[in-house]
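A.B. asks: Provided herewith is a single structure, encoded as structure tokens, for subsequent inquiry.
The values are calculated or read from the model by the stated rules, or taken from the named source; none is laboratory data. Everything numeric in this text was worked out from a predicted model, so none of it was measured. As a convention, Cβ positions derive from the backbone with ideal geometry for all residues, glycine included, and neighbour counts pool all protein chains shown. The protein model used for the area step is the full one, side chains on, heavy atoms only, and it has no ligands, DNA or RNA in it. Shrake-Rupley method; radii C 1.70, N 1.55, O 1.52, S 1.80 Å.
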Amino acid sequence: MTAVARRIAVLASGRGSNLEALHRYLGALGERAAASIALVVGDRETAGALALADALGVDVRVAPPGPDHAAQLGALLSEFDIDLLVLAGYIRLVPDAVVRAYQGRVVNVHPALLPAFGGRGMYGARVHQAVLDAGARVSGVTVHFVDPVYDRGAIIAQWPVPVVDGDTAGSLAARVLRVEHLLFPRVVQAVAAGRVSLDEAGRAVWADGAPRSGLTFVPESVEDHELVRYIDDAIGCRASR
Ligand code: GRF
């Protein structure tokens, strides 16, 4: 059984559905959770994620962009004794100093298959519109370690999601988001538990060699609990229980 050892700070700019999914997942794991959410930091007061965090009883702070941003964020992470940074719908670049201090301990979820359809300004509906505009037939979810460049850090896990005829950015976003909510918390748990780490060459390495990606499409008709089974098998969550 894993004790709750790691303290997570979630950085968020948006509505916070991935924050909610992570909170629920770690809560459901109970004592097996390798981490707990100790702090939510928003880049602006109006982020829905902050109201949600407040409702969940998690401490909330705002660290807006600006000249003091790196120092302010660094101070907050020290004050709350944070071990792991989780970007859940965070649209800002994490300051270099923070990335350096937390190397291998900053994780982001991106709603497409990186390295395509990422980079500065690629967030929200723009990502999905770019996928559609390119005529890609496959999109998906990427969870990766964060480095100083937008969406470039080492890929930890990916899951494919099909693009279907007639998709809009909205319909594709919804199909992808469903998978984000299932994959992301499981990968965060794996990172917190030390099952996956960043090696010196800058690659994500799984200690137990677990396959960490979807090997096949899961049809939309599949219920969440069944999709969870596929993802748990791929990420090896069963082994860590
Ligand atoms: C998600 O699609 C995430 O992949 C992206 O921004 C969106 C955030 O949604 N980085 P939410 O705030 O977690 O609901």
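A.B. asks: Quick check on my filter: what residues within segment 102-142 are of a type in the set (S, T, N, Q) and either without any contact (Cβ under 8 Å) to a residue 12 or more places away in the chain or surrounded by 15 or more Cβ atoms within 10 Å (Cβ to Cβ) (or both)?
C.D. replies: Scanning segment 102-142 gives Asn108, Gln129, Ser139, Thr142.
Quick grid of which residues meet (1) over 24 Å from Val106 (Cβ atoms); (2) surrounded by 14 or more Cβ atoms within 10 Å (Cβ to Cβ); (3) under 20 Å from the mean Cα position of the chain (by Cα); (4) at pLDDT 80 or above:
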position: Asp165; (1), (2), (3), (4): yes, no, no, yes
position: Leu172; (1), (2), (3), (4): yes, yes, yes, yes
position: Glu180; (1), (2), (3), (4): no, yes, yes, yes
position: Ala190; (1), (2), (3), (4): no, yes, yes, yes
position: Val222; (1), (2), (3), (4): yes, no, no, no
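A.B. asks: For a quick check of your reading: which helices (runs of 4 or more DSSP H) sit entirely within segment 83-202 and have at least 3 residues that are under 30 Å from Val62 (Cβ atoms) and within 14 Å of the ligand (Cβ to nearest atom)?
C.D. replies: Because the criterion is at least 3 residues that are under 30 Å from Val62 (Cβ atoms) and within 14 Å of the ligand (Cβ to nearest atom), the helices (runs of 4 or more DSSP H) in segment 83-202 that meet it are 125-134, 169-192.
A.B. asks: How about segment 30-46: which of its residues are more than 16 Å from the ligand (Cβ to nearest atom) and open to solvent by less than 40 Å² (accessible area, probe 1.4 Å)? Let's see the steps before the verdict.
C.D. replies: Applying the first criterion (more than 16 Å from the ligand (Cβ to nearest atom)) to segment 30-46 yields 30-36, 38-39.
The answer is Gly30, Ala33, Ala34, Ala35, Ala38, Leu39.
A.B. asks: Can you tell me which residue is most open to solvent (accessible area, probe 1.4 Å) among those in segment 194-220 that are modelled with pLDDT of 90 or more and acidic (Asp, Glu)?
C.D. replies: Per the stated criteria, the residue is Glu200.
A.B. asks: Tell me the residue from Gly27, Gly14, Gly66, Gly74 that is within 26 Å of Asp224 (Cβ to Cβ), outside any strand (DSSP E or B) and away from the ligand (no atom under 16 Å from the Cβ), please.
C.D. replies: Exactly one residue qualifies, and that residue is Gly27.
A.B. asks: Turning to a different aspect of this structure: Just give me the residues in segment 62-82 being under 15 Å from Ile37 (Cα atoms) and surrounded by fewer than 17 Cβ atoms within 10 Å (Cβ to Cβ), in sequence order.
C.D. replies: Quick first cut of segment 62-82, residues under 15 Å from Ile37 (Cα atoms) only: 76-82.
Once the filter is applied, which keeps residues that are under 15 Å from Ile37 (Cα atoms) and surrounded by fewer than 17 Cβ atoms within 10 Å (Cβ to Cβ), segment 62-82 yields Ser78, Glu79, Phe80, Asp81.
A.B. asks: Among the numbered criteria (1) within 27 Å of Met122 (Cβ to Cβ); (2) surrounded by fewer than 16 Cβ atoms within 10 Å (Cβ to Cβ), which one does Ala49 miss?
C.D. replies: (2)
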